[in-house]
Each structure stands twice: as C-alpha cells, then as structure tokens.
Amino acid sequence: MALSEQVESSLKEAESNLRNALAFAARNEKPFVSMVISKMINDIDNVIGTDKILSMIEEKMNDHPDMFGK
C-alpha cells in the first residue's frame, strides 16, 4: 500500500522546510546542527523512496503470485 497523497505531500513539505532550516543553520549554527537536519532530510527522502519501491514489489507479487510462492 502506497503512502497516501496527503502523507507524501506533508513529508515533502516538511523536507522543504528542513532544507530552508539547513540553509540558515549552515550560516549560523554549529556543524552538528546542520548534520542532524541533513539526516532528517535524508530520512524523509528514504521513506518516500522506499515506499515507492515496496509498492512496486507488492504490485509485482500480486501480478505474479506463482513467482513469489503465494
């Protein structure tokens, strides 16, 4: 089951806000703060990307149940 449009949209908005925060943090904060914000951005991107991959695998499993032992 794919992420709902609302969840994906909210994650992308959060990612955008974090990118903005990262731009300010890079100029004004300690490097650790930038590193943590960057990790949060990466984690959000991974959630979106991994969900898409899992949805594709799930679709293939449903299309070809004999190949996946169902």
Exercise for the section: Go through region 20-67 and count every residue that is over 17 Å from the mean Cα position of the chain (by Cα), outside any loop (DSSP other than H, G, I, E, B) and of a type in the set (Asp, Glu). Expected result: 4
Completion exercise
Within region 1-19, the residues that are within 11 Å of the chain's Cα centre (by Cα) and basic (Lys, Arg) are 12
Completion exercise
Here the residues within region 1-42 that are among the charged types (D, E, K, R) and either surrounded by 12 or more Cβ atoms within 10 Å (Cβ to Cβ) or at pLDDT below 95 (or both) are 5, 8, 12, 15, 19, 29
Practice task
Can you run down the residue pairs with Cβ atoms below 6 Å, 6 or more apart or on separate chains, where the first is in region 1-18 and within 16 Å of residue 46 (Cβ to Cβ) and the partner is open to solvent by 40 Å² or more (accessible area, probe 1.4 Å) and in a helix (DSSP H, G or I)?
Solution key: 18/40
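The values are calculated or read from the model by the stated rules, or taken from the named source; none is laboratory data. Predicted model, so just to flag it, every value in this text is computed and none were measured. Glycine gets a Cβ as well: all are built from the backbone with ideal geometry, and neighbour counts include every protein chain shown. Calculation scope for accessible area: heavy atoms of the full protein, side chains included, ligands and nucleic acids excluded. Shrake-Rupley method; radii C 1.70, N 1.55, O 1.52, S 1.80 Å.
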